[in-house]
Amino acid sequence: MCSRLDELRNKQVVCVHTGDVLGYVSDIEFDISDGKLCSLVIYGKSRAFGLLGKYQDIIIPWEDIELIGAQTVLVKNSSSFCKK
């Protein structure tokens, strides 16, 4: 299945094990040397209209992605994701 980057953005990300909605795909990280996708990034939501900053971004490694569907991305265990 082929997909463009703009089709991947704004897909809902759901944890398979817990059913939690983690957010929406905001960005991706890829390795320039071999052109492989490394991870998906979900930007943190703003707190109090941005006055108190924002929550941490969630980085989902490619190995934790189970399925990329038409409207959602299913991922494995949400507790192992890197937040920065």
Quiz item: Cβ under 11 Å from residue 24's Cβ, residue 24 left aside: what net charge do those residues give with Lys, Arg +1 and Asp, Glu -1?
Solution: +2
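By the gyration tensor of its Cα atoms, with a ≥ b ≥ c the square roots of the eigenvalues, what is the shape of the chain: rounded for a/c under 1.5, prolate for a/b over b/c, or oblate?
Verdict is prolate for the chain.
Using the heavy atoms of the protein chains and a 1.4 angstrom probe, tell me the accessible area per residue for the chain in square angstrom.
With the other protein chains kept in place, the chain gives 70 Å² per residue.
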Exercise. Report in % the part of the accessible area of the stretch 12-67 that belongs to carbon and sulfur, leaving out ligands and nucleic acids; probe 1.4 Å.
Key: 57 percent
Quiz prompt | Solvent accessible area, Å² - residue 11, 1.4 Å probe, full protein context | solution = 20 Å²
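The values are calculated or read from the model by the stated rules, or taken from the named source; none is laboratory data. Note that this is a predicted model, so its numbers are computed, not measured. For neighbour counting, all protein chains shown are included, and Cβ atoms are generated from backbone atoms with ideal geometry for every residue, glycine included. The protein model used for the area step is the full one, side chains on, heavy atoms only, and it has no ligands, DNA or RNA in it. Shrake-Rupley method; radii C 1.70, N 1.55, O 1.52, S 1.80 Å.
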